[in-house]
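**Student:** Pasting a structure below so you can have a look.
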């Protein structure tokens, strides 16, 4: 009997370290497990928060700019619903605030978009070549695409020792930095109004001015749900990157252009954070009949013009 008990004890002793090793999380394993888990996601909810606080000083004149936005999203494989608001505060112009809603239905070779800025509803049907471009852009904003881009910088991340709560569940915390090239990679993937040749030309122009996007870094924090391996929250702080980039860009302008004026940009806050929830629990997106009845037809070129505003003029 004693030998049997000893044998069982030895088996457990051998299994414990094996189990412990299998469950130990690393930066690489968290990125890989997260991308794998995201491949099984067909719907989710998300809350996005954007904050900007900056000031521009020219000689003795200072102009401040504050902006914040909150966007709530319900996303499925063939549709999405967005609602939110944006507030902008500019001296001498007061506060400007706008509420917005948008429904997007991805159907056969076309996307139907209903949008409102609080005054009226518009309806736009995107099809043909524009459908392909718009569809690609939407794909690159999905969590799976975001994590894939960030995983390219896995070596720059550290895993915090302590877990944190997100949506009342334990999450691993990854903290690290990404350089400005991640934006270039995103533009290439999204196929916005910029070709690879255009981007290369832009990088060469910046290099001629002594500016290399790899020298500018943004701080990134990623919370990954311990149980599901899905990203629970992503936060990016651009303040340091933008401040340094603007400072170096102004240094290349030259005294002739500045005409002796002192110019300074101070960016204290520039953050984007996204919190994910309700994974695989979102019902099919349906446009309310009152929205369909009230919507005014809009040309797809107007909608694509809005999308193109997100591209960088090269």
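All of the numbers you see were taken from the coordinates with simple rules; none came from a lab. Predicted, not measured: the structure shown is a model, and the values here were computed from it. Here the Cβ is made from the backbone with ideal geometry for all residues, glycine too, and neighbour counts use every protein chain on show.
**Student:** Where does each of 26, 124, 141 land when they are ranked from fewest to most other beta-carbon atoms within 10 angstrom?
**Tutor:** Going from least to most buried by this count: 26, 141, 124.
**Student:** For the range 28-167, calculate the relative contact order in percent as a whole number, restricting contacts to Cα pairs under 8 Å that are 6 or more residues apart.
**Tutor:** Relative contact order here is 15 percent.
**Student:** Give me the Debye-computed log₁₀ of I(q)/I(0) at q = 0.15, 0.16, 0.23 Å⁻¹ for the range 29-118, equal point scatterers on Cα only, no solvent, two decimals.
**Tutor:** -0.78, -0.83, -1.11
**Student:** Between residue 290 and residue 60, 0.36 nm times their residue separation minus their Cα-Cα distance comes to what?
**Tutor:** Taking 0.36 nm per residue and subtracting the Cα distance, the gain is 77.5 nm.
**Student:** Put a dot 7 Å past each Cα toward the Cβ at residue 167 and residue 101; how far apart are the dots in nm?
**Tutor:** Distance between label points: 2.4 nm.
**Student:** Taking the Cα-to-Cβ direction at residue 78 and at residue 265 and moving 7 Å from each Cα, how far apart do the two end points lie in nm?
**Tutor:** 4.4
**Student:** Ranking request for peptides 38-49, 157-168, 230-241: highest mean number of other beta-carbon atoms within 10 Å first, then the rest in descending order.
**Tutor:** 230-241, 38-49, 157-168
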